[in-house]
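Read through the structure below, which is laid out as structure tokens, and then see the notes.
The values are calculated or read from the model by the stated rules, or taken from the named source; none is laboratory data. If you're wondering where the values come from, they're calculated on a predicted model, not measured in any experiment. Reconstructed Cβ throughout: ideal geometry from the backbone, glycine too, with neighbour counts over all protein chains shown. Ligands, DNA and RNA are excluded from the accessible area calculation, which covers all protein heavy atoms including side chains. Shrake-Rupley method; radii C 1.70, N 1.55, O 1.52, S 1.80 Å.
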Amino acid sequence: MQTLGIIPSRFAATRFPGKPLVLINGKTMIQRVYEQACKATSLAKVVVATDNERIFNHVQSFGGQVMMTKDSHQSGTDRCAEVAFNFQDMEAIINIQGDEPFINPQQIDQVAFQLQQNTALN
């Protein structure tokens, strides 16, 4: 099953503006989330979805895949939906929270496994 991991990331959060670019032991939060997601063996591709040029450029600078989205989205899920539309060949989409820099890749794989099982039942 082709599974896409999308990490929604916005700069203008009301509680902590700029959170994706905050440094955690020498790397930004968004880079840490991206790198952890890339370790998940179930994902065919990982993409950051952002409406911010600073985040876009930063993700490109460390070699990550990134797509610019509209700035009018109400939620990260809306941002993911916009990006997912560009990947019609993917059979499943996993929304990976952009503020979980230490997410365990096995957790992502477990979600993908459940999606695969549910698809097989239908």
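Between F16 and Q107, full extension at 0.36 nm per residue minus the direct alpha carbon distance yields a gain of 30.2 nm. Here the chain carries DSSP beta bridges of which approximately 15% are antiparallel, counting only pairs with both residues inside.
Once the Cα atoms are used to define both axes, helix 29-38 deviates from the longest principal axis of the chain by about 20 degrees. Would you work out which of G98, I108, T77 lies farthest towards the positive end of the dipole of the chain, given +1 charges on the beta-carbon of Lys and Arg and -1 on that of Asp and Glu, about the Cα centre? Of G98, I108, T77, it is G98. Solvent-accessible area of the stretch 1-100 (1.4 angstrom probe, protein heavy atoms only): carbon and sulfur portion equals 46 percent. For the chain, the dipole from Cβ point charges (+1 on Lys and Arg, -1 on Asp and Glu) about the Cα centre works out to 340 debye, to the nearest 20.
The DSSP beta bridges internal to the stretch 1-66 are antiparallel in roughly 20% of cases. Placing pseudo-labels 7 Å out from each Cα toward the beta carbon at Q2 and F85 gives an inter-label distance of 1.9 nm. For the chain, the equivalent ellipsoid derived from the alpha-carbon gyration tensor has semi-axes of 24, 16, 12 Å in decreasing order. What the chain shows is 58 Å² of accessible area per residue, with the surface traced by a 1.4 Å probe over protein heavy atoms. The distance separating the Cα centre of the stretch 85-107 from that of the stretch 37-69 comes to 11 Å.
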